[in-house]
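Student: Pasting a structure below so you can have a look.
The values are calculated or read from the model by the stated rules, or taken from the named source; none is laboratory data. A quick note: this is a predicted structure, and the numbers were derived from the prediction, not measured. All Cβ positions, glycine included, derive from the backbone under ideal geometry; neighbour counts span all protein chains shown.
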Amino acid sequence: MASIEALPVETIYHIVDMCAEETIIDTELSTKAQWAWAQTSRRSYATIYTLIRPTVKGTPLHYAIMNGHRDILEFLVEVGVDPHIPSTRLCLDCYEPGAFYALHMAISHSKIKGAAQLLIEKLGAYKTLKGSYAFGLEERMLARHDLDASVRGSYGCTPLFDAVSCGRLKTVKSLLQRPEADASIAGRNGHTPLHEAVEISNLPIVEVLLQRPEVDVTTTDDDKCTPLHRAAFHAAVDITKLLLEQPGVDVASSDSEGMTPLHQAISGRTHIFWHCKGGDTEAKISDLVDEALENIKILLAHPEMNAGLHDKKGLTPLHQACLIGDWEVAELLLQRGDVDPNARALNGQKPLHVAVSCTSSRALKLVGRLLEQPGVEITDCDFDGRTILHYIGGSLPKDWETTPIVETALREGVPIDQISTNGLTALHQTINAGNYPFANLLLSLGADPMVSKRFKYNNSLLHLCFKYHPFYEQHRDEVVEKLIAEGIEINTYTDSPLTDFDADWDEPEIDEGMRHESVEGLQSMILANGMDCTPLMLTVTESMKIESMKMLLNAGADPNAHVTIRQRKHGKIRDHRVAFLSGVLYQAWKDGPSDYSIDPIDEHLKLLLEHGSRIDFDGPGDSPLQEACKASEDRYEAFLETLLDHSTARNVSQEHVRELICEYEKKPEHEKVLAELRAFEDRIFSN
């Protein structure tokens, strides 16, 4: 048996770590642990002690401070030792491992009163931990006569701006005392120091900055937001009050999106509703919501406030409140004379339309309140002819019961199959949003799925049903069954352009033109995917549901419908007509061949082969079998195995198999592929 001295040093270290892991933070426990270990195995301890001892290092200055030897400390200071020599594993009390300097010991672990001050004054000590900011560095820099408080750094920010960003009030005050200090110089995103102070809701710094003559509360950032816009968004109540007291402040100013501070305040309340951190307690969230409401009341109380202004989307503050079902804010707004409950947004949406698009249970009460307003009718349409049914269905499924409102709308004369100028009925709008529970409700009430049949890029209702993996699969399958029963065409093709989203997956850019439409209050799927295909293809590549594939195949879907793939090469877009299974493979291997990518669709491939999908091809490109063989050359064998194990003479001609056998007879380096092809031919065509 080899002696412990013969073990690699790394192994010995590992043994030490295992023995001392739980006690290494406490020096006394560590000593006891080592002593117990030494009693058990003196030879091992004697060997390892010499190896681990050099890893714990410190200067006499470190040890004098740690052990309380004032006389030794004073002597070392008098002779002028270097205080900036780091220790190694000497400070076991600190959780963070690192190279600690003597000043750290003096600040955190000294038994000598005034040790830190002695090191700073006599030895000029300023380093505490290697890699961290130097102790007292900020004060020393502020004391320099050549410091320029307004010079821009590499990111375009001044020291004053950065101090404000960090909320360092003392530093801000020190910098502002310098003659060259300019509190109006903008930094990131065009923010002035005042913008930045408001952004972090730091009232003391805001108060200091507002005392400066060069600070203008009407200055806008890159998004044309004033400090008041940001204070409104962040529900900084005291800061909002202070800004409103400043001369020249404009409560009706618009940012780059046309939003006023009131718009921003309601948007900020939305942010609290939907984006609070999971760690926030209910009490904290409730406080934030209350503060946001108080902030809105402060803005509304301003004598120059106009609460009926529209942003660039045509939305008024009331529209915004309705979008999130904010009953409290909507009630405040409806009590004002400058708020019109019939105001229309860019596409003619009234507050009622966007209120019914809200998923929150709060929306139901708000809808009832809106219907009480003069001139608001449940039969109202937007500029494109969309009814209230379009807006209920054209957004995500609701947390509130929609049936009573739908029945009321139908009873009042809203046509269930009214077609918008974009060619959509309420049912089609609903499927376009993926709201399958509501689609089933409309179908049960007599909606006709065949009134209009096509969407943008020639997508059919079935294409949309299989576009993405839905939250409500059961409801989606019920819709598909009803569409098939109505006689909807199953083998229609899309005509989709290639987009940047398809061409560059690293930096996709979703162009709104890729959707059927872009309307506030409505959800719309991305319809462009750079590929012409039938709905059957989408059951493999997008919805990933084999039950959906079975429904279509049993209804007569063609498992050999060709696929047109569009690719951009050398700046030109080229179309490639391929076999159905090649289209499946193209989608599965968009990021490169791998057996892992075949596993999720293996059952789909088997079902397609069972229904007659061909693994040969009469077009100009490679057949699925050829592609599988080429992938197998690179040791990606899963696709070839699936094709050969589950194909019959119905799926491929013997002539095509013979062609491939002849080709691989000339490639001795791929004898395994050749053997598999020969075995397949013998099994399938031997009779």
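Student: Going by the structure shown, is R212 over 33 Å from the mean Cα position of the chain (by Cα) and of a type in the set (K, R)?
Tutor: Considered against the rule, which asks whether it is over 33 Å from the mean Cα position of the chain (by Cα) and of a type in the set (K, R), R212 comes out as yes.
Student: Restricting to segment 561-596, name every residue that is touching a residue at least 60 places away in the same chain (Cβ under 8 Å) and loosely packed, with under 14 Cβ neighbours inside 10 Å.
Tutor: Passing the criteria: I573, K590, D591.
Student: Of the residues that sit in segment 340-353 and are surrounded by fewer than 20 Cβ atoms within 10 Å (Cβ to Cβ) and free of Cβ contacts under 8 Å to residues at least 60 places away in the same chain, which one is farthest from P303 (Cα to Cα)?
Tutor: G348
Student: Among the residues of segment 223-243, is there at least one that is touching a residue at least 24 places away in the same chain (Cβ under 8 Å) and more than 24 Å from I272 (Cβ to Cβ)?
Tutor: No, segment 223-243 contains no residue that is touching a residue at least 24 places away in the same chain (Cβ under 8 Å) and more than 24 Å from I272 (Cβ to Cβ).
Student: Would you check if D634 is assigned by TED's automatic domain parsing to the domain that holds Y586 and within 20 Å of D558 (Cα to Cα)?
Tutor: Criteria not met by D634.
Student: Okay, moving on. What's the total number of residues in segment 209-262 that are buried (at least 18 other Cβ atoms within 10 Å of the Cβ), in a helix (DSSP H, G or I) and in contact with a helix residue (DSSP H, G or I) (Cβ under 6 Å, 6 or more places away or on another chain)?
Tutor: The total comes to 14.
Student: State yes or no: is G385 part of a helix (DSSP H, G or I), farther than 15 Å from L445 by Cα and over 34 Å from the mean Cα position of the chain (by Cα)?
Tutor: It is false that G385 is part of a helix (DSSP H, G or I), farther than 15 Å from L445 by Cα and over 34 Å from the mean Cα position of the chain (by Cα).
Student: In addition: Looking at the structure I just gave you, is Q474 of a type in the set (S, T, N, Q) and modelled with pLDDT of 90 or more?
Tutor: no
Student: Now for a separate question. Restricting to segment 285-319, count the residues that are of a type in the set (S, T, N, Q), surrounded by fewer than 19 Cβ atoms within 10 Å (Cβ to Cβ) and within 20 Å of G337 (Cα to Cα).
Tutor: Residues in segment 285-319 being of a type in the set (S, T, N, Q), surrounded by fewer than 19 Cβ atoms within 10 Å (Cβ to Cβ) and within 20 Å of G337 (Cα to Cα): 1 in total.
Student: With N458, N440, N422, N435 as the choices, which residue is touching a strand residue (DSSP E or B) at 6+ places or on another chain (Cβ under 9 Å) and over 18 Å from P341 (Cβ atoms)?
Tutor: Result: N458 is the single residue among N458, N440, N422, N435 that is touching a strand residue (DSSP E or B) at 6+ places or on another chain (Cβ under 9 Å) and over 18 Å from P341 (Cβ atoms).
Residues are listed down the side, and each one gets a yes or a no for (1) among the hydrophobic types (A, V, I, L, M, F, W, C); (2) assigned to a loop (DSSP other than H, G, I, E, B); (3) out of contact with any Ser or Thr (no Cβ under 7 Å at 6 or more places or on another chain); (4) in contact (Cβ under 8 Å) with a residue 60 or more places away in the chain:
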site	(1), (2), (3), (4)
L625	yes, no, yes, no
K630	no, no, yes, no
Y636	no, yes, no, no
D645	no, no, yes, no
T648	no, yes, yes, no
N651	no, yes, no, no
L660	yes, no, yes, no
Y664	no, no, yes, no
